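Here is the structure we will look at, set down as structure tokens.
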Amino acid sequence: MPNPATDREKAQASIAENRKAHHDYHLLETFEAGIALLGTEVKAIRERRVNLRDSFARVEDGEIFLYNVNISSYSHRGYADHEPLRRRKLLLHRQEIRKLIGKTVERGMTLVPVRLYFKNGRVKVAVSLAKGKKEYDKRETVKRRETDRETRAAIKARR
């Protein structure tokens with residue numbers, strides 16, 4: 001009998017991740033949102049023909065839209081096709097949208113898509129409320145990562 005935990009994990013496996021977001025931003029809070037997609041876009045996503053780099057979300061007229069998400073054309077398309085870089089509407093609860101509007105307008109934070117994945121057969125995107133890192137913050141993060149790696153290596157060498 002298959003293990004339900006592993007089946008669930010497979011169903012939520014990441015399709016695409018935005019690793020650059022972790023480098024460029026302090027990610028504060030993450031929200032799960034659905035995306036309004038066309039059929040050929042979903043098929044292209046299943047083929048992993050999607051790129052989240054340089055993508056962002058913006059609030060417009062009480063709705064949230066995703067920009068610069070590159071979903072390449074589906075390989076077996078016929079006449080039906082989609083525009084790879086079109087803006088896509090995010091599907092969130094009204095209270096979540098209000099919360100995001102308040103934080104992005106007041107505090108000057110940004111909405112950054114962190115990862116794209118399937119959940120129960122539907123495409124979901126994890127959108128994080130983020131604050132931009134300064135150059136010295138990025139250097140500090142790299143320095144901290146290197147010292148952690150060196151201490152782990154030293155502990156391992158003593159054993």
Just give me the residues in region 15-34 being closer than 16 Å to E135 by Cβ and among the basic types (K, R), in sequence order.
K20
Set A16, A11: member being at pLDDT below 85, open to solvent by 40 Å² or more (accessible area, probe 1.4 Å) and in contact with a strand residue (DSSP E or B) (Cβ under 9 Å, 6 or more places away or on another chain):
A11
Where residues in region 41-94 are at pLDDT 85 or above and of a type in the set (F, W, Y), which of them is farthest from N18 (Cα to Cα)?
F65
Please count how many residues of region 117-159 are open to solvent by 100 Å² or more (accessible area, probe 1.4 Å) and touching a residue at least 60 places away in the same chain (Cβ under 8 Å).
3
Counted residues, region 78-106 - those being touching a residue at least 24 places away in the same chain (Cβ under 8 Å) and not hydroxyl-bearing (S, T, Y):
14
Out of (1) farther than 18 Å from R58 by Cα; (2) in contact with a strand residue (DSSP E or B) (Cβ under 9 Å, 6 or more places away or on another chain), what's the single condition that is false for A80?
(2)
Does Y74 meet the test of being among the aromatic types (F, W, Y), in contact with a helix residue (DSSP H, G or I) (Cβ under 6 Å, 6 or more places away or on another chain) and either open to solvent by less than 40 Å² (accessible area, probe 1.4 Å) or in a loop (DSSP other than H, G, I, E, B) (or both)?
yes
Qualifying positions in region 55-71 - open to solvent by less than 60 Å² (accessible area, probe 1.4 Å) and out of contact with any Ser or Thr (no Cβ under 9 Å at 6 or more places or on another chain)
S55, E60, G62, I64, F65
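The values are calculated or read from the model by the stated rules, or taken from the named source; none is laboratory data. Just so it is clear, the model here is predicted, and its values are computed rather than measured. Heads up, the Cβs are rebuilt from the backbone with ideal geometry, glycines too, and the neighbour counts pull from every protein chain shown. Surface areas here come from the heavy atoms of the whole protein model, side chains and all, with no ligands, DNA or RNA. Shrake-Rupley method; radii C 1.70, N 1.55, O 1.52, S 1.80 Å.
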